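Q: Here's a structure for you.
What follows is calculated from the coordinates using simple rules that are stated; it is not laboratory data. As the structure is a prediction and not an experimental result, all values here were calculated from the model. Backbone-built Cβ (ideal geometry, glycine too); neighbour counts: all protein chains shown.
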């Protein structure tokens, strides 16, 4: 890939819901251990499915997928993350009495990829094209057109109804 470029990409965001609030209740070494467990699991799913981890900020990881199979790869990674998070959820409930959940978002479409000055590699875009997923009601955002949302099923036997 030659950079800078405008390319088709799927961007995946994954985070643990409520982790910042939970981190105030746990010892620092436990917080960091829990974060490492989550990020290692997510990185593994992304790597196995051809994605690249872009950055981590607090409890959120951002990755991107490029190439002709990008949507399929990103959805498969998201499904693996959902499935594998069960172990983390069970351990947090058992060990700390804390409920845990993973939240993810996928965005597909054009993205500008390159380096801005001394910054690391950047992925910039307002991506919202169709993925191979179930359409959900659009998100209404002030002063913008509605954003079409799609749901990715963890288990193909389930539906959104």
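Q: Simple spin-label model, 7 Å along Cα-to-Cβ: residue 147 to residue 35 in nm?
A: 2.4 nm
Q: Starting from the Cα of residue 52, move 7 Å in the Cα-to-Cβ direction to define the label point; list residues of the range 59-103 whose amide nitrogen is under 20 Å from there.
A: 61-78
Q: Compute the relative contact order of the range 1-69 as a whole-number percentage, counting only Cα pairs closer than 8 Å that sit 6 or more residues apart in sequence.
A: Values: 61 pairs, mean separation 31.5, N = 69.
It comes to 46 percent, rounded to a whole number.
Q: By how many nm would the segment from residue 6 to residue 95 lengthen if fully extended, with 0.36 nm per residue of separation less the alpha-carbon distance? Before the final figure, lay out each step's value.
A: Values: separation 89, 0.36 × 89 = 32.04 nm, distance 4.58 nm.
Extra length from residue 6 to residue 95 when fully extended: 27.5 nm.
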